[in-house]
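Here's the structure, in C-alpha cells; my notes come after.
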Amino acid sequence: MTGPRIPQLDHVTRTKGVYLEFYDPDGIRHGGLPTYPYRWAPPGLLTVRQLRAKQLRPGGQDIAAQIIWRKGRRVAYLYREDLAKPKRTATPAQLAAIAKALRARCICSTCHTEKPYYIARSLGECNDCADKWRFTCS
C-alpha cells in the first residue's frame, strides 16, 4: 500500500541528503502502512479526533496511514476523509438513559438527597455526610 507523497519532504530527502526516519509513504519500513512525520499528514487523511471535529466517524474503513513521532513512542492512525461516514446521533431512549445515569451520580447513598454536583466515587456519599463521619471519628 502506498500513500500520497509530500513534495517538500521528497525534495529535502533527495537534494539535501537528509534522512527522515518517519517519512515512509510506501510503507516499506513501518509494517506496510504509509508513515509520515508529525504535522506532515497529506490532505484528505485525518485522525479520529479530526474526523469527530467534522462530525464524521471512520465507519469501518481500514487504517490508511499513520503518523509517528516522539522517537517512535507515539502513533496516530489516519483515515480517509472521503470514506468517512456521518456521526450517528443518539436516539431519544439513549438520551433519556444517559440523563437518568447522570442524575443517579448526584444522589447521595446515605441521605438520599440530590446534590448539585457529582458524588465522588471514592467517598460514596455527599460531602456533608462524609464530613459528619470524619468529624465524629476524630
Legend entry - Cβ-Cβ under 9 Å pairs, at least 6 apart or on other chains, the range 68-83 side touching a residue at least 40 places away in the same chain (Cβ under 8 Å) and over 21 Å from R57 (Cα atoms), far side part of a strand (DSSP E or B) and open to solvent by 50 Å² or more (accessible area, probe 1.4 Å): I68/R74; I68/V75; W69/V75
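Does I63 meet the test of being among the hydrophobic types (A, V, I, L, M, F, W, C) and open to solvent by 50 Å² or more (accessible area, probe 1.4 Å)?
Yes.
Any chance the range 82-90 includes a residue that's of a type outside the set (S, T, Y), within 30 Å of P25 (Cα to Cα) and part of a strand (DSSP E or B)?
Yes, the range 82-90 contains at least one residue that is of a type outside the set (S, T, Y), within 30 Å of P25 (Cα to Cα) and part of a strand (DSSP E or B).
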Inset, instruction - Looking for whichever is in contact with a Gly (Cβ under 9 Å, 6 or more places away or on another chain), under 30 Å from A90 (Cα atoms) and not acidic (D, E) here; the options are A64, A53. Which one fits? - result: A64
Inset, instruction - Determine which single condition A96 fails, assuming it passes every other condition in (1) surrounded by 15 or more Cβ atoms within 10 Å (Cβ to Cβ); (2) among the small types (G, A, S); (3) without any contact (Cβ under 8 Å) to a residue 40 or more places away in the chain. - result: (1)
Legend entry - First in the range 13-24 and at pLDDT below 75, second anywhere and not in a loop (DSSP other than H, G, I, E, B), Cβ under 7 Å, 6 or more apart: V18/V12; L20/L9; L20/T13; L20/P37
Legend entry - So A101, is it among the small types (G, A, S), part of a helix (DSSP H, G or I) and more than 30 Å from A41 (Cα to Cα): yes
Inset, instruction - Look at the range 4-58 and say how many of its residues are open to solvent by 100 Å² or more (accessible area, probe 1.4 Å), in a loop (DSSP other than H, G, I, E, B) and farther than 17 Å from W69 by Cα. - result: 6
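The values are calculated or read from the model by the stated rules, or taken from the named source; none is laboratory data. Computed from a predicted model, the values in this text were never measured in an experiment. Methodologically, a virtual Cβ is constructed for each residue, glycine included, from the backbone with ideal geometry; neighbour enumeration extends over all protein chains shown. Just so you know, the surface numbers come from the protein's heavy atoms only, side chains and all, with ligands and any DNA or RNA stripped out. Shrake-Rupley method; radii C 1.70, N 1.55, O 1.52, S 1.80 Å.
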